Amino acid sequence: APRVASAIGRRFFAAKAGQSEVVLVGCGAPNRGMGWYHAVQMLEGRCPSASLDYVIEPWFLGPGAEGPGGPEFNAWASSLSSDASSSYVSTPAFLTSVAELPSPSQPRVALISGRTADNPRLLKECIDAGCKCIYLEKPGAPTVKELEEMRDVAAEKGVEVLMGYNKNVCKYVRKTREFAATVPGSHVTFVSNNAYENTPESLGECFERNAEGMLKNMAIHELALLVSFYDVTVENIESVTADKEFSSMQTLPGPSGKEFTDFDKIKFTIKTKTGKEVSVAADRCGGTDSYATVTDANGEEVFRYWMPDEEDKKTVQELQAKYPTAMPYFFTQDPDYVTVKERVAKNTVTGEEAEGVATIGVAVETLRVAEFLTPTLMEQLK
């Protein structure tokens, strides 16, 4: 693997005054890893308050250098320090651990985008490395207990932890909530789709790779919306009702041969003790687009807003042309990823509240709701 860390000697202080110094922890392979796409957005200068100064990638710069994705990662990393990458606004240094970071030159934010199971350790390391703010990808930690411990450690050290729940800042969510507010007796349903093939092989692989289950994985974004905007907490849930006609639960073997039971599609309605009512539907085989609907007091649909909408579809096509082999969901959610990172980076520098961005407190409650709903809904579908 090329010694890309030598870039560190050339450019210690890349973040300028008014920018936060971003440390990306866990990049993943080009065109596949979410961390890689975060990196590209910052390198293209799309988050003006963020300067991507360090990329920490222990796997591809170490034992995974020759394995799947390793050569592509190292070729990409090397290209950043050569002239070919001149369209990028910074040249990050590549390191193999958080411990190698020098002291911050500007307010430092860590964007942790690795495996969920590593987050508790990485959060502590990033706090020790002088990070003022930490951006965690969903769901933050494998269990409520670990996430609560992370919240408490950060609070004790005065470090803010914000979450990559991008649907919280999404246009279709905002438009839907605004419209629903104008309709007496309105009811909102958030619909999330993935594009897995509807075969036992495809779903079995999906169930195994996302072994935490659908509500802690795919539908966690929708649960974060319920916690953020609809007063949903475990204590405030009056009732939850599965739509049995829509919903489906299967037990399937994954590639390892081990069996997993999960929803391949689920729809449910939550009523809160404070009088709110909201529905969520999620379908692993429903396609690539998500949307939300508003029905009126008679149950008639009066509004539907898609993600991506017509305007965003143009952006998606441009990005597909630019990165033809990248994961399709990067593009549909592209503007929201930019918004969350920019608000987090700006908050780190100026202290201005990152409007709409979920906190680790919201993430804890979201995970609690997921852990409460999963057995409840499974019981109803038996």
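Just a few scattered comments:
- Unique residue being within 26 Å of Glu301 (Cβ to Cβ), outside any helix (DSSP H, G or I) and hydroxyl-bearing (Ser, Thr, Tyr) when the list is Ser279, Ser228, Ser256: Ser279
- Any hit, the range 311-330, residues being under 19 Å from Lys167 (Cα atoms), crowded, with 19+ Cβ neighbours inside 10 Å and not acidic (Asp, Glu): yes
- For the range 81-138, the strands (runs of 3 or more DSSP E) that sit wholly inside it and include 1 or more residues that are open to solvent by 50 Å² or more (accessible area, probe 1.4 Å) and under 21 Å from Lys16 (Cβ atoms) are 131-136.
- Flag for Val55 being part of a strand (DSSP E or B), of a type in the set (A, V, I, L, M, F, W, C), in contact with a Pro (Cβ under 8 Å, 6 or more places away or on another chain) and at pLDDT 95 or above: yes
- When the range 87-101 is limited to residues that are out of contact with any Gly (no Cβ under 6 Å at 6 or more places or on another chain) and β-branched (Val, Ile, Thr), the one that is nearest to Arg121 (Cα to Cα) turns out to be Val98.
- Of the criteria (1) open to solvent by 20 Å² or more (accessible area, probe 1.4 Å); (2) within 26 Å of Cys170 (Cβ to Cβ); (3) aromatic (Phe, Trp, Tyr); (4) part of a strand (DSSP E or B), which one Phe263 fails: (1)
- Some residue of the range 288-308 being open to solvent by 50 Å² or more (accessible area, probe 1.4 Å) and assigned to a helix (DSSP H, G or I): no
Residue by residue, here is whether (1) in contact with a Pro (Cβ under 8 Å, 6 or more places away or on another chain); (2) open to solvent by 20 Å² or more (accessible area, probe 1.4 Å) holds:
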residue	(1), (2)
Val183	no, yes
Ser186	no, yes
Phe190	no, no
Asn193	no, yes
Thr199	no, yes
Gly204	yes, no
Arg209	no, yes
Met214	no, no
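- Taking the range 189-205 as the range and being more than 25 Å from Ala292 (Cβ to Cβ), part of a loop (DSSP other than H, G, I, E, B) and not acidic (Asp, Glu) as the test, only Thr199 passes.
- Every pair of residues 6+ apart whose Cβ atoms lie under 8 Å, when the first sits in the range 254-282 and is free of Cβ contacts under 8 Å to residues at least 24 places away in the same chain and at negative phi while the second is open to solvent by 10 Å² or more (accessible area, probe 1.4 Å) and outside any loop (DSSP other than H, G, I, E, B): Glu259/Thr251; Glu259/Leu252; Glu259/Pro253; Lys265/Ser248; Lys265/Asp283; Lys265/Cys285
- Search result, residues across the range 139-166 that are touching a strand residue (DSSP E or B) at 6+ places or on another chain (Cβ under 8 Å) and buried (at least 21 other Cβ atoms within 10 Å of the Cβ): Gly140, Met150, Ala154, Val161, Leu162, Met163, Gly164
The values are calculated or read from the model by the stated rules, or taken from the named source; none is laboratory data. Everything quoted here is computed from the prediction, not taken from an experiment. Every residue, glycine as well, gets a Cβ built from its backbone with ideal geometry; the counts of neighbours run over all protein chains shown. When the accessible area is computed, the model is the full protein with side chains, heavy atoms only, and any ligands, DNA or RNA have been set aside. Shrake-Rupley method; radii C 1.70, N 1.55, O 1.52, S 1.80 Å.
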